[in-house]
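In what follows, a structure is listed as structure tokens, so that the remarks can point back to it.
The values are calculated or read from the model by the stated rules, or taken from the named source; none is laboratory data. Keep in mind that what you see is a predicted model, and the values were worked out from it rather than measured. In this analysis, Cβ positions are derived from the backbone assuming ideal geometry, glycine residues included, and neighbour counts consider all displayed protein chains.
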Amino acid sequence: MGVQKGAANKARLVTQTTLKWAATKLLATRYSFIFPQFFRVYSPWFEEAFRRDVFAPVSNLTLLTEDRCYLLDRLVRQTALLEGEMAECGVYRGGGALLMARAIAAARSEIGLPPPELHLFDTFEGMPETSGADADVHSAGDFGDTSLESVGKIMAPFPFSTLRPGLIPD
Ligand SMILES: C[S@@+](CC[C@H](N)C(=O)[O-])C[C@H]1O[C@@H](n2cnc3c(N)ncnc32)[C@H](O)[C@@H]1O
């Protein structure tokens, strides 16, 4: 009886340890699962390091979701290695711009080059009037809870970025 109980405890311990290992290695890292088929899906934005180092610093300043921030970060790190200036059209509260500036600074310092100009275009007062071919799903005044000053403060540590207030494409 005692031997059976000992074996059952050991089996339970092994199962628990295996499940914990699987949860740490699979669920909390770069794969998620599609239910109910349980296909593994590459989802690196679930990684702790990405959430902590890239997403958390911008999350309350952007409308971009984690997966979009991940893609933006990867694309900016790659394109920042090329020659030329960079821009964001539609800055709103500055989270996307902050992510871009951080990615540019990191990528360029790795290759020992100064960062390129980052131009940030927006009204910084919300959506302008749109009509005709320019009609938008958003209305005039949407995204108005921002300002040139607030975005300027966020971007101050990145002197290679310039706020360009006004109407796009003017
Ligand atoms: C969806 S928000 C941008 C989201 C932002 N990239 C982020 O990280 O959360 C769109 C922004 O574009 C601005 N915008 C839209 N049309 C514009 C135009 N024609 N000229 C200037 N700004 C415009 C809006 O005021 C708003 O701030």
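Of all residues in the stretch 128-148, those being surrounded by fewer than 17 Cβ atoms within 10 Å (Cβ to Cβ) and under 18 Å from THR62 (Cβ atoms) number 6. For the stretch 125-170, how many residues are without any contact (Cβ under 8 Å) to a residue 24 or more places away in the chain, within 23 Å of ARG108 (Cα to Cα) and of a type in the set (A, V, I, L, M)? Qualifying residue count, the stretch 125-170: 1.
Applying the condition of being within 16 Å of the ligand (Cβ to nearest atom) and among the hydroxyl-bearing types (Ser, Thr, Tyr) to the stretch 48-87 and asking which residue is surrounded by the fewest Cβ atoms within 10 Å (Cβ to Cβ) yields THR65.
Consider the stretch 88-145 and keep the residues that are within 16 Å of the chain's Cα centre (by Cα) and of a type in the set (Lys, Arg). The one that is nearest to the ligand (Cβ to nearest atom) is ARG93.
Scanning the stretch 55-107 for residues that are among the hydroxyl-bearing types (Ser, Thr, Tyr), in contact (Cβ under 8 Å) with a residue 12 or more places away in the chain and in contact with a strand residue (DSSP E or B) (Cβ under 9 Å, 6 or more places away or on another chain) gives a single hit, TYR92.
You will find that of LEU64, LEU82, the residue that is within 12 Å of the chain's Cα centre (by Cα) and assigned by TED's automatic domain parsing to the domain that holds MET155 is LEU64 and no other.
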